[in-house]
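The structure appears below as C-alpha cells.
The values are calculated or read from the model by the stated rules, or taken from the named source; none is laboratory data. Every value quoted in this text rests on a predicted model; they were computed, and no experiment measured them. A quick note on method: Cβ atoms are made from the backbone with ideal geometry, for glycine too, and the neighbour counts reach across all protein chains shown.
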Amino acid sequence: MSDPGGAAGTVSAEAIAAARAALARALRVVVFTGAGVSAESGVPTFRGAGGLWKTFKPEDLASPVAFGRDPRLVWEWYGWRREMVGRCRPNAAHLALARWMLGRAGVTLVSQNVDDLHERAAREAAGGVEAARRAEPVRLHGSLFHDRCTRCACRSEARGALDTTGIATLPHCPECGGLLRPDVVWFGEMLPARSVEAAFAAAGEAEACLVIGTTGAVYPAAGVVHTAKSAGAQVVIVDPGRTEYEDLADVRLVGPAGEIVPRIVG
Ligand code: BV8
Ligand code: ZN
C-alpha cells in the first residue's frame, strides 16, 4: 500500500498520483459510496456525530418492525431527513464523480446513500435528465424522496408536506388507499434484485474499485468491495477515518472526499 499521507488534507502527491494511475489504467471501475461522500454537503452520517437522532439509533427506526409499531414516529424521522437533505447541495466530490463518469466509459457508481445527491450532481453536470443517466448511481438502499405502498407496492415520487399528527394524516396510496412508506431498504429487508445484480456484476469485472466514505459495515452492500478485490481490482479508499476495508486497500487516502476526489478523478 503506497504512503497514506498524514491527517486530513495532507495526502501526499505520491498517493494522489498512485490513485490517479490506478483509476486511469482501469478499463472498468466500480465506485462504492456511503454517507461520508455527502458529509460535506451537511448530511449527517450514520455512525458519525449527528448520526443519532434524538435517542434512537437508525437501526431502531429504519426497520419494518419499527414501522409496524409506530408508523407516525418513523414517518416523522423520514420527514425530518427529507427536509434536512432537501436543503443540501451536491458537493465537489459528487460533482467531480459525475463529470468524470460523463467524460469516460466503463465506470459504474454503486451507492448506499438514499439522499439523491449523486443523482442531482449528475443532472447538474450533464445539464439535463436524459444525459445524466450515464452518471447516475446503482442505488442499493432506495431513495428518501420516493414512496412505496405497503399494500399494492406501487412506487411514486414523494409529494407534499408530511403531517404525522395521526395515522389517517400519513401519506396514503393514490391507487389502493394503503399506507405509504419511504421507498428505502430497511434493516432485515432484501435489497432490490436488479440493483444487487448490477452492483456485483460491475464489481466482479472491475480492474479498480474506488471506495468513498463508508465504514463497510452494512451487508450485503459491503460485499461489493470484497467482490472487486477478489476479482483482482486495485482498491483505492478515500476516508478520513478507519473503515472495515483497511486490509484491502492498495492506495489509502486519508481525508475528506470533497478535497480528495476532485484531485484523483478530475
Ligand atoms: C438484509 C436505508 C437479509 C435506510 C440502510 C452479515 C453480517 C452482519 C450483519 C448482517 C449480515 N447480513 C445482513 C445483516 C444484517 C444487516 C446489517 O448489515 N447490519 C449491520 C448493521 C451489522 N443488513 C440488513 O439488514 C440488510 N438486509 O440483510 O436482508 C434478508 C435475508 C433474507 C430475508 C430477508 C432479508 C439491509 C441493510 C440496509 C439498511 N438500510 N439505509 C435509511 O437510510 O433510512 S443502511 C444505511 O446505513 C446506509 O444506507 C449505509 O448502508 C449504512 C451506513 O453506513 P455508511 O454509509 O458506511 O455510513 P457510516 O456513518 O457508517 O460511515 C460514514 C463513513 O464516512 C465513515 O467511514 C467516516 O469516516 C466517513 N466520512 C466522514 N466524513 C467524511 C467521510 N468520508 C469522506 N469524506 C468525508 N468528509
Ligand atoms: Zn397501493
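So which residues in the stretch 137-156 are part of a strand (DSSP E or B) and within 15 Å of ligand 2 (Cβ to nearest atom), if there are any at all? Walk me through how you get there before you give the answer.
Kept after step one, since they are part of a strand (DSSP E or B), are these residues of the stretch 137-156: 138-139, 142-149, 155-156.
Selection gives His146, Asp147, Arg148, Cys149, Arg155, Ser156.
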Report summary line: Scanning the stretch 26-63 for residues that are modelled with pLDDT of 90 or more, buried (at least 18 other Cβ atoms within 10 Å of the Cβ) and within 20 Å of Gly188 (Cβ to Cβ) gives Gly34, Ala35, Leu61, Ala62
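Residues are listed down the side, and each one gets a yes or a no for (1) closer than 19 Å to Asn113 by Cβ; (2) more than 16 Å from ligand 2 (Cβ to nearest atom); (3) in a helix (DSSP H, G or I):
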site: Leu191; (1), (2), (3): yes, yes, no
site: Val196; (1), (2), (3): yes, yes, yes
site: Ala206; (1), (2), (3): no, yes, no
site: Ala228; (1), (2), (3): yes, yes, yes
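Could you tell me which residue of the stretch 161-193 is nearest to ligand 1 (Cβ to nearest atom), considering only residues that are charged (D, E, K, R) and more than 15 Å from Ser143 (Cα to Cα)? Outline the logic, then answer.
Filtering the stretch 161-193 down to residues charged (D, E, K, R) leaves 163, 175, 181, 183, 189.
So of that shortlist, the ones also more than 15 Å from Ser143 (Cα to Cα) come out as 163, 175.
Working: Asp163: 20, Glu175: 24 Å.
The residue in question is Asp163.
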Query raised in the report: Going by the conditions given, is Val74 buried (at least 18 other Cβ atoms within 10 Å of the Cβ) and under 22 Å from Val224 (Cα atoms)?
Result: no
Report task. Give just the number: which of (1) under 23 Å from Leu109 (Cα atoms); (2) modelled with pLDDT of 95 or more; (3) among the charged types (D, E, K, R); (4) away from ligand 1 (no atom under 16 Å from the Cβ) does Arg139 not satisfy? Result -> (4)
Report summary line: By residue number, the members of the stretch 240-263 that are in a helix (DSSP H, G or I) and over 19 Å from the mean Cα position of the chain (by Cα) are Glu246, Asp247, Leu248, Arg263
Query raised in the report: Just checking, how many residues over the stretch 95-149 are closer than 30 Å to Gly188 by Cβ and without any contact (Cβ under 8 Å) to a residue 40 or more places away in the chain?
Result: 8
Query raised in the report: Taking the stretch 219-246 as the region of interest, how many residues are under 24 Å from Ala39 (Cα atoms), surrounded by 19 or more Cβ atoms within 10 Å (Cβ to Cβ) and not small (Gly, Ala, Ser)?
Result: 9
Report summary line: Exactly one of Gly166, Gly177, Gly160 is farther than 28 Å from Ala201 by Cα, touching a residue at least 40 places away in the same chain (Cβ under 8 Å) and either exposed (fewer than 12 other Cβ atoms within 10 Å of the Cβ) or within 14 Å of ligand 2 (Cβ to nearest atom) (or both), and that residue is Gly166
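Residue check: is Ala208 small (Gly, Ala, Ser), crowded, with 17+ Cβ neighbours inside 10 Å and more than 23 Å from Val85 (Cα to Cα)? Write out each step before concluding.
Working: small (Gly, Ala, Ser): yes; crowded, with 17+ Cβ neighbours inside 10 Å: yes; more than 23 Å from Val85 (Cα to Cα): yes.
So Ala208 passes the test.
Kindly provide the set of residues from the stretch 79-107 that are within 24 Å of Ala206 (Cα to Cα), surrounded by 20 or more Cβ atoms within 10 Å (Cβ to Cβ) and not aromatic (Phe, Trp, Tyr), ordered by number. Walk me through how you get there before you give the answer.
First, pick out the residues of the stretch 79-107 that are within 24 Å of Ala206 (Cα to Cα): 93-107.
Next, from what is left, pick out any that are surrounded by 20 or more Cβ atoms within 10 Å (Cβ to Cβ): 93-98, 100-101, 107.
Answer for the stretch 79-107, where residues must be within 24 Å of Ala206 (Cα to Cα), surrounded by 20 or more Cβ atoms within 10 Å (Cβ to Cβ) and not aromatic (Phe, Trp, Tyr): Ala93, His94, Leu95, Ala96, Leu97, Ala98, Met101, Val107.
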